Amino acid sequence: SIPLLMPGEAADYAKIVSDGRVLYTVDLHIPREIRIGTAEGGYNIITVKDGAIAVTEASCPDHYCMKRGFCSSGAQIVCLPNRLVIEFVGQQSVDGVVG
């Protein structure tokens, strides 16, 4: 179960889910860049910096996922064409972290 964050409360971690599988749980306080590819050749580049996460490049046609910008809480960041979801989670729900 994912603990609920209070409104306005920044998450410590984000889960990066591709095609229904959790690929990474990242610490939002450790800067990094991750490229997620799809079997069909699509991709998303995800950037973590300053306690927030964003899709900074994507192969999808509408770039809706990129328009969210850097987020540290709130609704999931979703790229439907590439089946990518970024979920914000509190520290108590983290099983393992990739730094």
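The values are calculated or read from the model by the stated rules, or taken from the named source; none is laboratory data. Computed from a predicted structure; not experimentally measured. In this analysis, Cβ positions are derived from the backbone assuming ideal geometry, glycine residues included, and neighbour counts consider all displayed protein chains. To get the accessible areas, we keep the full protein, side chains included, count just its heavy atoms, and leave off ligands, DNA and RNA. Shrake-Rupley method; radii C 1.70, N 1.55, O 1.52, S 1.80 Å.
Structure notes:
- Counted residues, region 46-69 - those being more than 11 Å from L28 (Cα to Cα) and without any contact (Cβ under 8 Å) to a residue 24 or more places away in the chain: 13
- Residues that are open to solvent by less than 70 Å² (accessible area, probe 1.4 Å) and closer than 17 Å to G90 by Cα occur in region 41-48; there is at least one.
- Condition check for G42: over 12 Å from the mean Cα position of the chain (by Cα) and at pLDDT 95 or above: yes
- Filtered residues of region 8-22 (kept if within 15 Å of L84 (Cα to Cα) and either among the acidic types (D, E) or open to solvent by less than 60 Å² (accessible area, probe 1.4 Å) (or both)): A14, K15, I16, V17, S18, D19
- Of the candidates R35, R68, the single residue that is modelled with pLDDT of 95 or more and either open to solvent by less than 10 Å² (accessible area, probe 1.4 Å) or basic (K, R) (or both) is R35.
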